[in-house]
Amino acid sequence: MNGSEHAVAELAADPKSLDCVDGSTNSAFLQRLSEWIQCFCVVTFDLEMGQSMEMVCPEQVGLTEQDKSTICYLAFPDSNAGILGDSQFHFRCHLEGDIRTNSRSQSSIDSYNCQCAPSLQTDQGIFFGYVYFRQIKDRNVRRGYFQKSVVLIARLPFLNVYREILRLVAPEFFDNGRKALDFACKEIDRWAAVRVGNPLSLPLFGHNLCCTIPSLLDGALPGASYPSNLSALPSSTNIPITSIHDFDFIKSFQGFLAHLHVFWELMLCNESLAVIAPTPTACSEFVQCLVWIVWPLKFATDYRPFFTIHDGDFKDYTTKSQAPPRIILGVTNPFFVKTLQHWPHIVKIGDNTDTVDVKESPKVKQPGKLNSSVDLKQGLYSEYKSFLEKDKVLIKRLLKGIQSKRPVEAQSSLIKKYYYELTRSFMIPLERYVSTLMPLLRDISPFKSPPTLRDFDFDEFLDTIAVAGPSLTSGTKGDWAGLYMSFLKSENFHHWFAMKKREINNKLKLVHLQALAEADMEMWMAGKSELELIDLILKTRNCVQAVRMVGETVPTEAIAKLKRSIGKIVDKLPSDLKDLVRNGSLIL
Amino acid sequence: MAAPPAGSTNAPYNYNYIFKYIIIGDMGVGKSCLLHQFTEKKFMSDCPHTIGVEFGTRIIEVSGQKIKLQIWDTAGQERFRAVTRSYYRGAAGALMVYDITRRSTYNHLSSWLTDAKNLTNPNTVIFLIGNKADLDSQRDVTYEEAKQFADDNGLMFLETSAKTGDKVEDAFLETARRIYQLIQDGSLDLNAAESGVQHKPSHVTRPLGTGEQPEATGKSCQC
């Protein structure tokens, strides 16, 4: 642990840190901490009761009994996988307690969500659980095993940051108990704010976690935004995190190279897919890799990187009386092979991916072959016919890379690049079409309503594909139009377009308000009735409020002009009404 | 006063008419809360006393016409009665509110009604509202009694709850329907006068603008 063993002891010896060990969990304390994490939970396996919550730190984070139970069941492997030693995985779940509101104020969440790459946006009421699970032989315990998990609950999908935190904190906890968690909370509470785009250095137990949160603008290649001066940092205590969220794609997808394009289409169109893997680590990483392949597009439906039979949604997801929900499930319990038979797409990961012969390119298997036997061969089980052709050149290069033992990072970045370019080529025509839905500047009139984005016309859009489709920027061949038709029905599309629309309409409101500020009021007021004069004052006020409410700043110059205009209107009112209005709320 | 929107004739306004409403009644009967519930679909639990005049707007639809309601809300305190003349002038609708749990607010209705009749035009639609209907256990004025008062004076009547939102929409919308009906009948003459003289609609009719969708809530920019 690079000398972190004594970190807690050192911290304890520091009088500055001592004064805040106890009773440190007041609300001010939670403020900064809650930007980064909600809490640590320790889940133990009680021989009488099964999984149980041993402690929560900070305690008053606001978990209900139901929340605790949810976390407990997701904190341990769902089947006896015989994992020995330490392992890490993550889950994603809905929590219902005050934890939903105790954490960062809504405005700071909103501003983060506006600035980060869309893929990294948070969702209301949804939390990630990052798990550090230890299972070792211990003669002192009945049944001879020590089984315990430290779980970090957070809103943000910074998988690699939280992994590193747990790598430092969990072993300290196992050695020193609760005070390790208290110290960690105290240190995290002193971290810089969650800020998009700038290199961050986050001190913890004598180390510095160095990372950058990718912004909306550099939402380029995932993991491409390294802190540039990293190699120059002299200290050995720095832990560089090159990508805050990415896993090595090749690790998960190595046995599925022939299906890379199928995965992308399935994710793009929010198909229901289940991943059955031997361990929670394998399934959570696989599901997360799937979700990231449409980067920087936000994956708009639910996904559960690790899901167990104890989950409250288990019945809904496995019932054969209705179509499976549009979600991605990661599971390990062999029981799921049976219960998920009606799911349209199933990925089965073999027990040991290293031994799989990757040269063989496996065909997509018919789901019918998913028989009742729990021994399922590795593969993709689906009747899906992909719209696009596979990228044979890429597959060849990856296979060569495996033979020549090309570094995992290099292999992964080949896959990342492939997916990024696919997504980009796919989105460019959509972006271009949306820009044609913009109203013209000359249609913006100060005394009319602010113009809004026109509606998305599917047919009109599909017509543009024929002339300027993805084939302009992508070498991939296939039925792009068919894929668009499928995508336009998906949740990903609806979410994407809704965001675009809101963003553009907000800008239009601002442009309109500026036009209003520049308008010639004198001319407009001539011959207007009292009712209309009041109406214009109200309109102006509403427009200013609407622009402010969406977080846009109205230039002070424009505000000054608007105030002068309102003054002119008020002057025009009959004198008794003038006083009434001046005493009221018609001030900007 | 009901006026078609002004501006250049081809202006794509998102409403065809503006109706002026006023809300009158004693202090604390829930006038501002009714306005807020109607424009924001929310209940204000502690609402400060209105000083001077507050305005709310919302676009509604009646018989396919988009109508922008410009609602004037004033202080119920006696000392503000001085400003009432300009407040009442040209109102197309008047919502007269009392509190069903406070008899005194009901007893003052006749004086509010006298003001309304004297200071508005004969076609102003007056709608009687018994507010705080959610507090039925503390009721101090029966429905029947108030209904009788409304009938005797030719008023429309509903009991509402600004807290739960019950019947609030109905009161505002019924009033608008009645006003629109008067316009259709020709009783409310939009061409009557140019001058903005009291009790008279003030504007020449202009071609109606083409309507856009009315906004669902008062939140967004309704220009």
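For residues that are of a type in the set (Val, Ile, Thr) and free of Cβ contacts under 8 Å to residues at least 40 places away in the same chain, scanning just the stretch A:431-477, find the one that is nearest to A:Phe497 (Cα to Cα). Full working, then the answer.
The first filter runs over the stretch A:431-477 and keeps only residues of a type in the set (Val, Ile, Thr), leaving A:434, A:436, A:444, A:452, A:464-465, A:467, A:473, A:476.
Imposing the further condition that a residue be free of Cβ contacts under 8 Å to residues at least 40 places away in the same chain reduces the set to A:436, A:464-465, A:467.
Working: A:Thr436: 14, A:Thr464: 17, A:Ile465: 17, A:Val467: 22 Å.
Once the filter is applied, the top-ranked residue is A:Thr436.
If the requirement is being more than 14 Å from chain B (Cβ to nearest Cβ) and basic (Lys, Arg), which of these qualifies: A:Lys501, A:Lys489, A:Lys509?
A:Lys489
For B:Asn118, indicate whether it is surrounded by 21 or more Cβ atoms within 10 Å (Cβ to Cβ) and more than 14 Å from chain A (Cβ to nearest Cβ).
So B:Asn118 fails the test.
Given the conditions (1) at pLDDT below 95; (2) under 24 Å from B:Pro48 (Cβ atoms); (3) open to solvent by 10 Å² or more (accessible area, probe 1.4 Å), report the number of the one that B:Tyr87 does not fulfil.
Unmet condition: (3).
Answer yes or no as to whether A:His207 is modelled with pLDDT under 95 and of a type outside the set (Phe, Trp, Tyr). Talk me through it step by step, then tell me what you get.
On the way: modelled with pLDDT under 95: yes; of a type outside the set (Phe, Trp, Tyr): yes.
It is true that A:His207 is modelled with pLDDT under 95 and of a type outside the set (Phe, Trp, Tyr).
Can you go through A:Glu532, A:Glu557 and tell me which one is of a type in the set (Asp, Glu) and crowded, with 17+ Cβ neighbours inside 10 Å?
A:Glu532
Give just the number: which of (1) more than 11 Å from chain A (Cβ to nearest Cβ); (2) at pLDDT below 90; (3) within 18 Å of the chain's Cα centre (by Cα) does B:Thr50 not satisfy?
With (1) more than 11 Å from chain A (Cβ to nearest Cβ); (2) at pLDDT below 90; (3) within 18 Å of the chain's Cα centre (by Cα) applied to B:Thr50, the lone miss is (1).
Does the stretch A:155-163 contain any residue that is under 24 Å from A:Tyr303 (Cα atoms), open to solvent by 30 Å² or more (accessible area, probe 1.4 Å) and not in a loop (DSSP other than H, G, I, E, B)?
Scanning the stretch A:155-163 turns up at least one residue that is under 24 Å from A:Tyr303 (Cα atoms), open to solvent by 30 Å² or more (accessible area, probe 1.4 Å) and not in a loop (DSSP other than H, G, I, E, B).
In this structure, is A:Ser565 more than 30 Å from A:Pro118 (Cβ to Cβ), of a type outside the set (Asp, Glu) and facing another protein chain (nearest Cβ under 9 Å)?
When the stated conditions are applied, A:Ser565 does not pass them.
When you go through A:Ser252, A:Ser272, A:Ser236 one by one, which is the residue that is hydroxyl-bearing (Ser, Thr, Tyr) and either in contact with a Pro (Cβ under 8 Å, 6 or more places away or on another chain) or at pLDDT 95 or above (or both)?
A:Ser272
Across the stretch A:37-56, what is the total count of residues that are closer than 23 Å to A:Trp191 by Cβ and crowded, with 19+ Cβ neighbours inside 10 Å?
7
Of everything in the stretch A:291-346, what is part of a loop (DSSP other than H, G, I, E, B), touching a Phe, Trp or Tyr at 6+ places or on another chain (Cβ under 9 Å) and among the charged types (D, E, K, R)? Give them in sequence order.
Correct list: A:Lys298, A:Asp311, A:Asp313.
Yes or no: A:Thr308 in contact with a strand residue (DSSP E or B) (Cβ under 8 Å, 6 or more places away or on another chain) and either open to solvent by less than 10 Å² (accessible area, probe 1.4 Å) or free of Cβ contacts under 8 Å to residues at least 60 places away in the same chain (or both)?
yes
Answer yes or no: is there a residue in the stretch A:122-140 that is in a helix (DSSP H, G or I) and at pLDDT below 95. Before you say what the answer is, go through the steps one by one.
Kept after step one, since they are in a helix (DSSP H, G or I), are these residues of the stretch A:122-140: none.
The answer is no, given that none of the residues of the stretch A:122-140 is in a helix (DSSP H, G or I) and at pLDDT below 95.
Could you tell me which of the residues B:His199, B:His203 is at positive phi and at pLDDT below 85?
B:His199
Within the set of pairs 6 or more residues apart or between chains, which connect a residue that is on the phi > 0 side of the Ramachandran plot inside the stretch A:126-151 to a residue that is open to solvent by 20 Å² or more (accessible area, probe 1.4 Å) and not in a strand (DSSP E or B) with Cβ atoms less than 7 Å apart?
Cβ pairs passing all conditions: A:Arg143/A:Leu47; A:Gly144/A:Asp138.
Considering only the stretch A:388-431, how many residues are polar (S, T, N, Q) and open to solvent by 90 Å² or more (accessible area, probe 1.4 Å)?
The total comes to 1.
Here is a list: A:Glu10, A:Glu96. Which entry is under 30 Å from A:Gln135 (Cβ atoms), out of contact with any Pro (no Cβ under 6 Å at 6 or more places or on another chain) and modelled with pLDDT of 65 or more?
After applying the criteria, what remains is A:Glu96.
I'm trying to understand the selection: among the residues of the stretch A:513-529, which are of a type in the set (Gly, Ala, Ser) and surrounded by fewer than 19 Cβ atoms within 10 Å (Cβ to Cβ)?
Just the residues of the stretch A:513-529 that are of a type in the set (Gly, Ala, Ser), to begin with: A:515, A:517, A:519, A:526-527, A:529.
Answer for the stretch A:513-529, where residues must be of a type in the set (Gly, Ala, Ser) and surrounded by fewer than 19 Cβ atoms within 10 Å (Cβ to Cβ): A:Ala515, A:Ala519, A:Ala526, A:Gly527.
The values are calculated or read from the model by the stated rules, or taken from the named source; none is laboratory data. Bear in mind the structure is a predicted one, so any value in this text is a computation, not a measurement. Cβ atoms come from the backbone with ideal geometry, glycine included; neighbour counts cover every protein chain shown. These area figures cover heavy atoms from the full protein model, side chains too; ligands, DNA and RNA do not enter into them. Shrake-Rupley method; radii C 1.70, N 1.55, O 1.52, S 1.80 Å.
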